[in-house]
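This report refers to the structure that appears directly beneath it.
The values are calculated or read from the model by the stated rules, or taken from the named source; none is laboratory data. Not measured: the values here are computed from a predicted model. Cβ placement follows ideal geometry from the backbone for every residue including glycine, while neighbour counts extend to all protein chains displayed. Note: accessible area is taken over every heavy atom of the protein model, side chains too, but ligands, DNA and RNA are not part of it. Shrake-Rupley method; radii C 1.70, N 1.55, O 1.52, S 1.80 Å.
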Amino acid sequence: MRLLLTEIENSTEGITVEAMGQALEEIRKPGVVQEFLEGLVPDILAFLFQLLVALVVYVVGVRVIKLVRRLIGKGLEKRSADQGVKQFMDSLAKTVGYFLLFLLILSFFGIATTSVMALVGSAGLTIGLALQGSLSNFAGGVLILMLKPFRVGDYIVEDAHGNEGEVAEISLFYTKLNTIDHKVIVIPNGMLANTSLTNVTSTDRRRIDLTIGISYDADLKRAKEVIEQVLREEPARLQDEEIQVVVTGLGDSQVDIGARVWVPTGAYWTSRFALLEKIKLVLDENEIGIPYPQMDVHIK
């Protein structure tokens, strides 16, 4: 029995020593790590080369996009296109150009553009639902440029929310307005295309409508004469348009006189403010009272 155990122990020790020896021999071989590194280096170099080519393509592509945008701008200028059309087409060319550049760069990394387009096509419904508002704004921008309810430089009043200002830019999805106090209002094109708005500067002339209330005790004829004289002396008044000074209403405590005069669109606010001040001064000079709300209290 002891002999059998001794033989088994010797055989086990022999196998263990032999296995350890073989492992040490494998580790001592110099080509294992070297072969691994040599196999990894070509992949790294290939990736770096692809990255360098993609970087060069990006730089060149950006310059090409700028060149195309510049050519489109010059072509629209030759055709005397509106500023809004120029801005819209510039935004469209920029968006399409960068999208194509992105697909081209992906192709250098082995990603097939057909697969990307197929993925976009298969996800078209989901993307359309997610971008429903953006697509509506894009369609609204196209309608604005086609129907031309306003142009860049016009002063508009959006009736739904009362936003107003001078149109500064019509882009793919939004329209920017500059207010009188130099604020910027950004309105989605879809909202502007589907709501009513007032284009204040669509024509070259505007009519100033003023309502002046005078006391019932005042001389009505004299009040109309002095108001008409002020209107005629307005420097910005259009000479070919008629002046109107009429009674427009009989209120609880005043007689309403309507004064109407035409001026160039650009001089509207300046003339309006000046006329209000001059009318007040001339009424005071002629002792024509302008009533104000008052209450008589009788105590018993």
Check your understanding: In the stretch 145-158, which residues are surrounded by 14 or more Cβ atoms within 10 Å (Cβ to Cβ) and at pLDDT below 85?
Key -> L145, K148
Point to revise | Tabulated pairs, the stretch 239-254, first among the acidic types (D, E), second outside any loop (DSSP other than H, G, I, E, B) and open to solvent by 70 Å² or more (accessible area, probe 1.4 Å), C-beta under 7 angstrom, 6+ apart or interchain | key: E241/W262
Check your understanding: Out of the residues in the stretch 159-185 that are in contact (Cβ under 8 Å) with a residue 24 or more places away in the chain, touching a strand residue (DSSP E or B) at 6+ places or on another chain (Cβ under 8 Å) and assigned to a loop (DSSP other than H, G, I, E, B), which is least open to solvent (accessible area, probe 1.4 Å)?
Key -> N163
Exercise for review: Name the one entry in E234, E287 that is at pLDDT 90 or above and either of a type in the set (S, T, N, Q) or assigned to a loop (DSSP other than H, G, I, E, B) (or both).
Suggested key: E234
Check your understanding: Going by the conditions given, is G61 modelled with pLDDT under 80, open to solvent by less than 90 Å² (accessible area, probe 1.4 Å) and in contact with a Leu (Cβ under 7 Å, 6 or more places away or on another chain)?
Key -> no
Check your understanding: Being closer than 30 Å to K86 by Cβ and open to solvent by less than 30 Å² (accessible area, probe 1.4 Å), is that true of even one residue in the stretch 247-266?
Key -> yes
Check your understanding: Is it the case that N163 is within 23 Å of L92 (Cβ to Cβ), among the polar types (S, T, N, Q) and modelled with pLDDT under 90?
Key -> no
Practice item. Please verify whether the stretch 185-207 includes one or more residues that are more than 30 Å from K94 (Cα to Cα) and more than 30 Å from the chain's Cα centre (by Cα). Key: yes
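Would you mind stating whether Y268 is hydroxyl-bearing (S, T, Y) and assigned to a helix (DSSP H, G or I)?
yes
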